[in-house]
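Notes follow once the structure below has been shown.
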Amino acid sequence: EGGAEAVISYRTHFQRFFDNNGLWHVDFWAKIKEGKPKLTIRFIMPGADALVNQPVELTDQWKKYQLTMKVEGVGEPKDAKAGDASPQFVFAAVDGQVLLDDIEAWLDGDKNPTVFRDEVVETLKLFRPGSIRYLQMGGDTLENTIMPPLKAYSHDSQVVAKGGPENRHLKNDYSLHETYQLSEYIGSEPWYCLPGTLSIDEIKAFMEYLGGSADTKYGKLRSDLGHPKPWTETLKRIHVEFGNEAWNNAVGYKCGGFNGQDFWKDLIDAAKASPHYKPNVIFHAGTQAANTGKTEQICGYVPNADRIAIAPYIAGLFDKSDAEAFDTTEKLFYWVFGWALHRSLEKESSMETTYQTTKKAGIEMSIYEINHHITMGDGPEEPRNRITTSLAGGVNVANTMLLMLKRHGVRTQNLFAFIQYAYKSKAGGNVRLWGTALNMRKGRERYRPTFLACAMANKILGGDLVETVHGGANPTFHAAGRFEDKKPHTYDGNCIWSYAFSDGKKRGLILVNLDLKTNLPVELKFQGKPKGTATCWTMAADNPAASNEFENEKPQVEVVESQVELQSGGKLTLPPCSMKALAWEVE
């Protein structure tokens, strides 16, 4: 009686991502456990008065409550940094004890059939990802992975985990089934990491879930969750990885997905022997990108894998000495360009040696994660963020991914990641990784140049990769600094890069200019007469360090669409530090 409130709170989303104002639905089950408690549901901004106070009359029997709460007055954040508080629902009880269960809250107005907000779906449609990867660490059960959050149990996935309600436990934010539904709706391929502790019986059940009819146990589970047709019939490809980064021996990664040399091999053998298996289920065996010996070992352990998955992040170590050496933006950007090209092209580099290792084993490579990774060393924060947020950084990531497709045949690549503002590194402060979509609200969209560049590439990718040949002048840039092996190098790299595609009568071309200062003219020669004009997308800016960060009143880097008359022998101009994509049809 008269005691302090007992509260439990649930965060919504940052106002900078989506508008929290509107009609909220709040469903939950509740009952009195002890005393004569009063329960109030509040919608608050931390540090401010509640915008809504909704009292709830309780009984001593379980009862389902279905409330609506009109929220008004959530203002725009004073700034849009990652630390900004997000609105919260707070369940507050006083004068007794209350039991709560199955709490759901959603904002009215979404039209798409998935559990994801319309803004998320529309942004993904804009990006057009070939695959969507959901990272799951460590152990869990298959059924818990499939089930939506309200039907799944909290769990722990590490060998050092402690039981008990006072310890933090895990729940997947989105289930495997929900991710498959999203992928199907937007025309993408799901890549949901299965539990690292999967058993043979569970992989057989998983195949039944993917391809079994509704009269099988796990086919019925899929059907009961809203998808009667087998996933193997409705999805172009289904990517399967066991755990995440199982090669990593750090404590947090144990149970990550590797338990002896036959573990993955036996799982894949059992899956492919299933009557529900189809070749569009692609099994990936993960390895460390810069560890050729580990890759050779994994190829020997898992000869039945369809792909060997790596994460060839760009750059990493950045010390004070590097910051002093890169005392101009030009030196900094040419260094990171050179770092990426050297790693992809040099004979003894990790990409080339990994490629040769997997080629010898007869297994295709894939990329489970890629972006910049400039998070190590004692160098200052600002130059790191100049790379990760800039036009130059976006062009660098996209060009690196395209080059790995062209040189190493890597068809499935996952950019890491969709949303995150900054990563707190040990020495470099808040490095603005890994997220690429800063704001998805209609009329307030902000995307980092890395998002824009990769979205441009996704407009063109399709069909067959076509060889391109460069002739005439071949301008280069000069890079100097420590590269992948942490030793000093100099490197002269080509400024112009090209990637061409043919799909029936459709044609596509992507051109990249890594020269930071100079407009470069190009003459195009190709077969086939264009039918009408070509659609051209150009990403450029006045400054290679231009960004779309919230400090800028409006985005500085945009993609401009235009129509161009295109013919063989015609000329184009590539602006400094730019990316241009063209799509057309031939007669």
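Of note:
- Of all residues in region 541-582, those being open to solvent by less than 30 Å² (accessible area, probe 1.4 Å), among the small types (Gly, Ala, Ser) and not in a loop (DSSP other than H, G, I, E, B) number 3.
- Every residue from region 376-392 that is of a type in the set (A, V, I, L, M) and either open to solvent by 20 Å² or more (accessible area, probe 1.4 Å) or more than 18 Å from residue 332 (Cβ to Cβ) (or both): 376
- Hits in region 160-215 - residues which are small (Gly, Ala, Ser), under 17 Å from residue 132 (Cα atoms) and out of contact with any strand residue (DSSP E or B) (no Cβ under 8 Å at 6 or more places or on another chain): 175, 187
- Reported count of residues in region 124-141, each being touching a Pro at 6+ places or on another chain (Cβ under 9 Å) and either modelled with pLDDT of 95 or more or open to solvent by 30 Å² or more (accessible area, probe 1.4 Å) (or both), is 5.
- Whichever residue in region 143-157 is outside any helix (DSSP H, G or I) and not hydrophobic (A, V, I, L, M, F, W, C) and, among such residues, is nearest to residue 197 (Cα to Cα): 157
- Residue that is modelled with the highest pLDDT [pool: residues in region 71-84 that are surrounded by fewer than 13 Cβ atoms within 10 Å (Cβ to Cβ) and closer than 22 Å to residue 24 by Cα]: 72
- Any pair with Cβ under 6 angstrom, 6 or more apart, that starts in region 540-564 at a residue that is closer than 22 Å to residue 514 by Cβ and ends at one that is among the aromatic types (Phe, Trp, Tyr): 544/333; 559/537
- Qualifying position, being free of Cβ contacts under 8 Å to residues at least 12 places away in the same chain and open to solvent by less than 80 Å² (accessible area, probe 1.4 Å), among 528, 471, 532: 471
- Residues that are surrounded by fewer than 17 Cβ atoms within 10 Å (Cβ to Cβ) and either closer than 27 Å to residue 211 by Cα or modelled with pLDDT under 75 (or both) within region 144-159 comprise 148, 149, 150, 151, 153, 158, 159, listed in sequence order.
- Screening 410, 395 for residues that are farther than 20 Å from residue 540 by Cα and crowded, with 20+ Cβ neighbours inside 10 Å leaves exactly one candidate, 410.
- Residue pairs meeting the criteria (Cβ under 9 Å; at least 6 apart or on separate chains; first under 12 Å from residue 206 (Cβ atoms) and touching a residue at least 24 places away in the same chain (Cβ under 8 Å), in region 230-241; second in a loop (DSSP other than H, G, I, E, B) and charged (D, E, K, R)): 232/278; 238/278; 240/306
- Scanning region 497-525 for residues that are part of a strand (DSSP E or B), surrounded by fewer than 17 Cβ atoms within 10 Å (Cβ to Cβ) and touching an Asp or Glu at 6+ places or on another chain (Cβ under 8 Å) turns up 503, 506.
- When the test is whether a residue is small (Gly, Ala, Ser), at pLDDT below 95, within 27 Å of residue 487 (Cβ to Cβ) and open to solvent by less than 10 Å² (accessible area, probe 1.4 Å), residue 344 passes it.
- Remark: pairs (first residue in region 169-184, closer than 16 Å to residue 153 by Cβ and open to solvent by 10 Å² or more (accessible area, probe 1.4 Å); second residue modelled with pLDDT under 95 and of a type in the set (Asp, Glu); Cβ separation under 9 Å; 6+ apart in sequence or on different chains) = 169/156; 170/140; 170/156; 172/140.
- Residue in region 316-337 that is open to solvent by 10 Å² or more (accessible area, probe 1.4 Å) and under 28 Å from residue 192 (Cβ atoms) present: no
- Taken over region 85-123, residues that are among the aromatic types (Phe, Trp, Tyr) and open to solvent by 20 Å² or more (accessible area, probe 1.4 Å) amount to 2.
Table: residues versus (1) farther than 21 Å from residue 458 by Cα; (2) out of contact with any Lys or Arg (no Cβ under 7 Å at 6 or more places or on another chain).
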site: 499; (1), (2): no, no
site: 521; (1), (2): yes, no
site: 534; (1), (2): no, yes
site: 543; (1), (2): yes, yes
site: 548; (1), (2): no, no
site: 555; (1), (2): yes, no
site: 564; (1), (2): no, yes
site: 579; (1), (2): no, yes
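- Strands (runs of 3 or more DSSP E) contained entirely in region 1-112, each with at least 1 residues that are free of Cβ contacts under 8 Å to residues at least 60 places away in the same chain: 22-44, 52-56, 63-71
The values are calculated or read from the model by the stated rules, or taken from the named source; none is laboratory data. On a predicted model such as this, the values are computed, not experimentally measured, just so you know. Every residue, glycine as well, gets a Cβ built from its backbone with ideal geometry; the counts of neighbours run over all protein chains shown. What goes into the accessible areas is simple: the full protein's heavy atoms, side chains included, and nothing from ligands, DNA or RNA. Shrake-Rupley method; radii C 1.70, N 1.55, O 1.52, S 1.80 Å.
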